[in-house]
Amino acid sequence: MTGLPPLAVVVDLDDTLYPQADYLAGAAAAVGVAATGLGVDGVRVHAALVRELAAGSDAGGTIDRALLAAGVPAGDLPALVPPLVAAFTGHEPDSLAPYAGVPEALAALAAVAPLGCLTDGNPVIQDAKVAATGLRPLLGPVLVTDTLGGRAARKPSPVGLVALADALGVPAERLLVIGDRPGKDVAVAAAVGARAIRIRQGEYAHAPDEPAAEAVVDSFPAAAALALDLLTGAVTPA
Ligand SMILES: [Mg+2]
């Protein structure tokens, strides 16, 4: 990690800028409706999918497991999974409310430094989420890691952060990353020698601080306030 102040800020999206649970609830409901339309018990499928997502939202195969848990015969899955995956990925929420104070905090950061967003996931889904939050005008470049090489490019792979540093015109080690997941957001910063601030909120709020961030806070505005201090040299980094 450099002792020099950061020159730009990269923020995560899910559970950093808005509660991802709000998106997942809507997508699961869309799958339930689609299942009903396919002649399956959509209420049971929806309930099973909610349980699967609660057990871990970024594992693959959630819809397959939900169908089996809802009592759908395994032989029916090849016909059902593709349209239900399409219903999930095609879900476009009308709006996703950001966490309190996020628009104001992003605007304050953007006033003093280049800002970008680095997020993992299906690019269609991530774009729909960004649009629904209404935050796009504040975010600068938004990079979905999967566009650089599928799941292998997801954090903590450094390829996305390095590409975003190029787009922002700063060396990767002079970035400050703000995110909720130690194993992704803090680890990707560490992979390029950059700093990170962890926010304890959302699905991974109770994950251990591994790897450790430069600071751990409870909200995005708190992270942004600390970031402003670092960007303007008001505090000396640890
Ligand atoms: Mg996140």
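Values quoted throughout were computed directly from the atomic coordinates according to the rules given, and no laboratory measurement underlies them. These figures come from a predicted structure and were not determined experimentally. A quick note on method: Cβ atoms are made from the backbone with ideal geometry, for glycine too, and the neighbour counts reach across all protein chains shown.
Couple of notes before you dig in:
- Selected residue (criterion: farthest from the ligand (Cβ to nearest atom)) from residues of region 188-215 that are crowded, with 22+ Cβ neighbours inside 10 Å and part of a loop (DSSP other than H, G, I, E, B): Ala194
- When Gly60 is tested against (1) free of Cβ contacts under 8 Å to residues at least 40 places away in the same chain; (2) within 16 Å of the ligand (Cβ to nearest atom), only condition (2) is not met.
- Of all the listed residues (Asp185, Asp218), the sole one being under 13 Å from Thr16 (Cα atoms), of a type in the set (Asp, Glu) and either free of Cβ contacts under 8 Å to residues at least 24 places away in the same chain or surrounded by fewer than 19 Cβ atoms within 10 Å (Cβ to Cβ) (or both) is Asp218.
- Odd one out for Pro156 among (1) in a loop (DSSP other than H, G, I, E, B); (2) away from the ligand (no atom under 14 Å from the Cβ): (2)
- Residues that are within 15 Å of the ligand (Cβ to nearest atom), outside any strand (DSSP E or B), charged (D, E, K, R) and in contact with a Lys or Arg (Cβ under 9 Å, 6 or more places away or on another chain), drawn from region 6-53: Asp12, Asp15
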